[in-house]
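Peer 1: The structure's right below; bear with me while I get my questions together.
The values are calculated or read from the model by the stated rules, or taken from the named source; none is laboratory data. Just so we're clear, the structure is a prediction, and the values are computed from it rather than from any experiment. Heads up, the Cβs are rebuilt from the backbone with ideal geometry, glycines too, and the neighbour counts pull from every protein chain shown. In case anyone asks, the SASA skips ligands and DNA or RNA and just uses the protein heavy atoms, side chains included. Shrake-Rupley method; radii C 1.70, N 1.55, O 1.52, S 1.80 Å.
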Amino acid sequence: MADKLMKRKLPIGIDDFSEIRTEGFYYVDKTAMIRDLLNAWGKVNLFTRPRRFGKSLNMSMLKAFLEIGCDSTLFEGLEISKETDLCEKYMGKFPVISISLKSVDSSDYESARADLCSEIGREALRFNFLLESKCLTETEKGMYKKLVNVDPEHPDYFKMSDDVIKGSLSVLSNLLQKHFGKKVIILIDEYDVPLAKASEGNYYPQMVKLIRGMFDKALKSNESLYFAVLTGCLRECRPARSASEWAARSATELGEGAFPIAKESIFTGLNNPNILSITTVRFDEYFGFTDREVREVLHYYGLDNKYDAVKEWYDGYRFGNMDVYCPWDVISYCYELTGDPDARPKDYWSNTSGNDAVRRLIEKSGNEQTKSEIEALVAGETISKEIHEDLTYNQIYDTIDNIWSVLFTTGYLTQRGMADEDIYQLAIPNKEIRKIFTRQITAYFNSMVRKNSKRFEEFCDALKTGNAEKTEKLLTSYLYDSITVRDSTVQKNKKEILYHGLMIGILANVDNWKAKTNADSGDGYCDVKVEIARESIGMIMEFKYADNAHLADGCKDAMAQIERMDYTRELKLQGYHTIYKYGIACFKKKCKVVCEKENYALEEL
């Protein structure tokens, strides 16, 4: 127990490098990234990775290393400390402006603009010594005051004009260079959150104009800039459309006279930013945990026996030439295991993302090609798709092709093997993401069930009257509308689970029906048990996956299992007068249904 108490803490929700290193948290050493960045960097460097892959922590690490006044002890024993020449030349040698735009996420433009002002203002306040600097003129100090101009009516907010916002990072870097006599490094984390939220909130053109103006002054025409690093999910580098295309799109989507949609990407005008995306080999091991790092974490906490579960649930991402795990998931699961050794893996990703891209894809599943491709992915297969990484946020859901690209860049899909130019073999990375897909599929299917009320009522009526022929016909129609597994490598019992899961999804919409899956019944667990207490009707359903489409044999096996395991016993004991026994055999989109009815008089019960 004493040894367990001495273990370093797991950094749940902590992305501050200094805090992790000084407060006794476990740290997976990614400091070699500093070496590689300083040995090969562009003027403006953009790292694009999915959320929860360590972008913010790495940006905090860069700031801690480069900023004047840094604490060199933070890096003792880490990889970068071996690079003595680089440490001598770069460690603690630069003014650093560091902002994160992840909090600029309001649903309307004015609120988001205020969020942006606050982020800039709070960072500017870190340098309030500029007001006393002997290197600055009074005019320059006046420029600084505009960046820290707190609204007297709202002390938590900063007041800035659009021109001040656009020039803020440029002005601040100019002032810092004059004060320190050194060029400035600018770090911008989650640069694209404001653009994503603006697209959702229908104020994308205004936000693009504001952010582009700020980037243009800070990253293009800024003589005080040494270099800049940005992180985000998408690269927002779509080439400009023609004026006529944009005019037509604006009129169609926003109405005549509306604010015109941005004609260019957020980085238009920058001189070839250094794009380091999930397909780039350089830096591929610095975002996400490698297999070796995961094994080390598990071993440190005495969790070596959980390796297979962690790999099945949280591995499978491919960045450049490196296979990586999602760090957030690994750390979160290890944290639960240190408190409960029997804790099972679960989906941590959904708590950090809205899963909109998956939902949008599922909504396109009325297209038979798309439905077939989703089924292949859920079944563990790969599909071939042309991927475009240069999308802007107001275009990501325009077409199904764009949605595939978004799913790839945001981590819901990953690549398998080598790409052929822009053609990638895509797959769902792991069990966690597959669970997200199946959950979205179920939610969408349930909404479709509710929309077609006539078919739904006919199906329920067929079930509760024992009409096997009509039940079979309507269940087949539901199978054709749904997304189901079709992979021969999937275990038979898992296929059956998907089919009775589909049935539970339908019946969940019925008022006054109580439907359970894997219900305790007789001498085992039946696939589905339904109780209609008001009408004293009970149902037992057993599903079989019929290999080679031998549906009749599947139904016979299902009915035999109901009898052998005495699944109707509990319903009899509860006093149900009418009990239907359903044997249901399925093969891909086909099914066969047989039904036997048992009636019990009150005295028999």
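Peer 1: Residues D329, D284, D315: which one is of a type outside the set (S, T, Y), open to solvent by less than 20 Å² (accessible area, probe 1.4 Å) and modelled with pLDDT under 95?
Peer 2: Sole residue among the options that is of a type outside the set (S, T, Y), open to solvent by less than 20 Å² (accessible area, probe 1.4 Å) and modelled with pLDDT under 95: D284.
Peer 1: List, please: which pairs have Cβ atoms under 6 Å, are six or more places apart or on different chains, and start with a residue in the range 181-200 that is under 20 Å from G92 (Cα atoms) and end with one that is open to solvent by less than 20 Å² (accessible area, probe 1.4 Å) and assigned to a loop (DSSP other than H, G, I, E, B)?
Peer 2: Partner pairs satisfying both residue conditions: K183/S224; V184/P95; V184/S224.
Peer 1: Spot the failing condition for E153; the list is (1) open to solvent by 70 Å² or more (accessible area, probe 1.4 Å); (2) modelled with pLDDT under 95; (3) within 35 Å of the chain's Cα centre (by Cα), and only one is missed.
Peer 2: Single failed check for E153: (3).
Peer 1: Of all residues in the range 555-567 being closer than 16 Å to K529 by Cβ, out of contact with any Lys or Arg (no Cβ under 7 Å at 6 or more places or on another chain) and assigned to a helix (DSSP H, G or I), which is most open to solvent (accessible area, probe 1.4 Å)?
Peer 2: E563
Peer 1: Might you let me know whether the range 20-27 holds any residue that is assigned to a helix (DSSP H, G or I), farther than 30 Å from L407 by Cβ and in contact with an Asp or Glu (Cβ under 9 Å, 6 or more places away or on another chain)?
Peer 2: Checked the range 20-27: at least one residue is assigned to a helix (DSSP H, G or I), farther than 30 Å from L407 by Cβ and in contact with an Asp or Glu (Cβ under 9 Å, 6 or more places away or on another chain).
Peer 1: Please give the number of the condition E253 fails out of (1) closer than 23 Å to D422 by Cβ; (2) at pLDDT below 65; (3) among the acidic types (D, E).
Peer 2: So the condition that E253 fails would be (1).
Peer 1: Report, by residue number, each residue of the range 129-148 that is open to solvent by less than 10 Å² (accessible area, probe 1.4 Å) and either over 22 Å from S100 (Cβ atoms) or of a type in the set (G, A, S) (or both).
Peer 2: Listed by number, the list holds a single entry, S133.
Peer 1: Of all residues in the range 322-340, count the ones that are over 22 Å from L57 (Cα atoms) and in contact (Cβ under 8 Å) with a residue 12 or more places away in the chain.
Peer 2: Adding up the residues that qualify gives 2.
Peer 1: Taking the stated definitions as given, is D511 closer than 25 Å to M448 by Cα and open to solvent by 40 Å² or more (accessible area, probe 1.4 Å)?
Peer 2: yes
Peer 1: Please find, among R212, R122, R126, the residue that is buried (at least 19 other Cβ atoms within 10 Å of the Cβ), out of contact with any Cys (no Cβ under 9 Å at 6 or more places or on another chain), without any contact (Cβ under 8 Å) to a residue 60 or more places away in the chain and not aliphatic (A, V, I, L, M).
Peer 2: R212
Peer 1: Give, as residue ranges, the strands (runs of 3 or more DSSP E) completely inside the range 152-237 that count at least 1 residues that are among the β-branched types (V, I, T).
Peer 2: Answer list for the range 152-237: 184-189, 225-232.
Peer 1: What do you reckon, is Q440 under 21 Å from T382 (Cα atoms), open to solvent by 10 Å² or more (accessible area, probe 1.4 Å), polar (S, T, N, Q) and modelled with pLDDT of 95 or more?
Peer 2: no
Peer 1: For the range 571-592, what are the residues that are open to solvent by less than 60 Å² (accessible area, probe 1.4 Å) and touching a residue at least 60 places away in the same chain (Cβ under 8 Å)?
Peer 2: If the condition is that a residue be open to solvent by less than 60 Å² (accessible area, probe 1.4 Å) and touching a residue at least 60 places away in the same chain (Cβ under 8 Å), then Y580, Y582, I584, C586, K589, C591 are the ones that fit.
Peer 1: When you go through (1) open to solvent by less than 10 Å² (accessible area, probe 1.4 Å); (2) at pLDDT 80 or above one by one for K217, which number turns out not to apply?
Peer 2: (1)
Peer 1: Follow-up. Using the structure shown, decide if S477 is farther than 18 Å from R439 by Cα, in contact with a His (Cβ under 9 Å, 6 or more places away or on another chain), at pLDDT 90 or above and not basic (K, R).
Peer 2: The answer is no for S477.
Peer 1: Could I ask something else about it? If I12 meets every condition in (1) among the aliphatic types (A, V, I, L, M); (2) within 26 Å of L219 (Cα to Cα); (3) touching a residue at least 60 places away in the same chain (Cβ under 8 Å) apart from one, which number is that one?
Peer 2: Status for I12: all satisfied but (2).
Peer 1: So for the range 131-141 (the condition being in a helix (DSSP H, G or I), over 27 Å from the mean Cα position of the chain (by Cα) and among the small types (G, A, S)), does at least one residue qualify?
Peer 2: Scanning the range 131-141 turns up no residue that is in a helix (DSSP H, G or I), over 27 Å from the mean Cα position of the chain (by Cα) and among the small types (G, A, S).
Peer 1: Can you tell me which condition N222 does not meet? The list is (1) within 24 Å of D105 (Cβ to Cβ); (2) modelled with pLDDT of 90 or more; (3) not hydrophobic (A, V, I, L, M, F, W, C), and all the others hold.
Peer 2: Of everything listed in (1) within 24 Å of D105 (Cβ to Cβ); (2) modelled with pLDDT of 90 or more; (3) not hydrophobic (A, V, I, L, M, F, W, C), N222 misses just condition (1).
Peer 1: Something else about it: Kindly indicate whether any position in the range 371-378 is open to solvent by less than 60 Å² (accessible area, probe 1.4 Å), modelled with pLDDT under 90 and within 17 Å of G316 (Cβ to Cβ).
Peer 2: Yes: the range 371-378 contains one or more residues that are open to solvent by less than 60 Å² (accessible area, probe 1.4 Å), modelled with pLDDT under 90 and within 17 Å of G316 (Cβ to Cβ).
Peer 1: Determine the pairs where a residue that is in contact (Cβ under 8 Å) with a residue 24 or more places away in the chain, located within the range 18-33, has a partner that is open to solvent by 30 Å² or more (accessible area, probe 1.4 Å) and hydroxyl-bearing (S, T, Y) with Cβ atoms under 9 Å apart, the partner being 6 or more residues away or on another chain.
Peer 2: So the pair list comes out as R21/T73; T22/T73; Y26/Y300; Y26/Y301; T31/S81.
Peer 1: When you scan the range 28-114 for helices (runs of 4 or more DSSP H) that lie fully inside it, which ones turn up with 3 or more residues that are buried (at least 22 other Cβ atoms within 10 Å of the Cβ)?
Peer 2: 55-66
Peer 1: Among the residues of the range 448-480, how many are farther than 22 Å from H577 by Cα, open to solvent by 40 Å² or more (accessible area, probe 1.4 Å) and either in contact with a helix residue (DSSP H, G or I) (Cβ under 6 Å, 6 or more places away or on another chain) or assigned to a helix (DSSP H, G or I) (or both)?
Peer 2: 12
Here is a yes/no grid of residues against (1) modelled with pLDDT of 90 or more; (2) surrounded by 19 or more Cβ atoms within 10 Å (Cβ to Cβ); (3) touching a helix residue (DSSP H, G or I) at 6+ places or on another chain (Cβ under 7 Å); (4) on the phi < 0 side of the Ramachandran plot:
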position: M539; (1), (2), (3), (4): yes, yes, yes, yes
position: A549; (1), (2), (3), (4): no, no, no, no
position: D553; (1), (2), (3), (4): yes, no, no, yes
position: R569; (1), (2), (3), (4): yes, no, no, yes
position: V594; (1), (2), (3), (4): yes, yes, yes, yes
position: N599; (1), (2), (3), (4): no, no, no, yes
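Peer 1: Which condition from (1) buried (at least 21 other Cβ atoms within 10 Å of the Cβ); (2) under 13 Å from A124 (Cβ atoms) is the one that Y191 breaks?
Peer 2: For Y191, the exception is condition (2).
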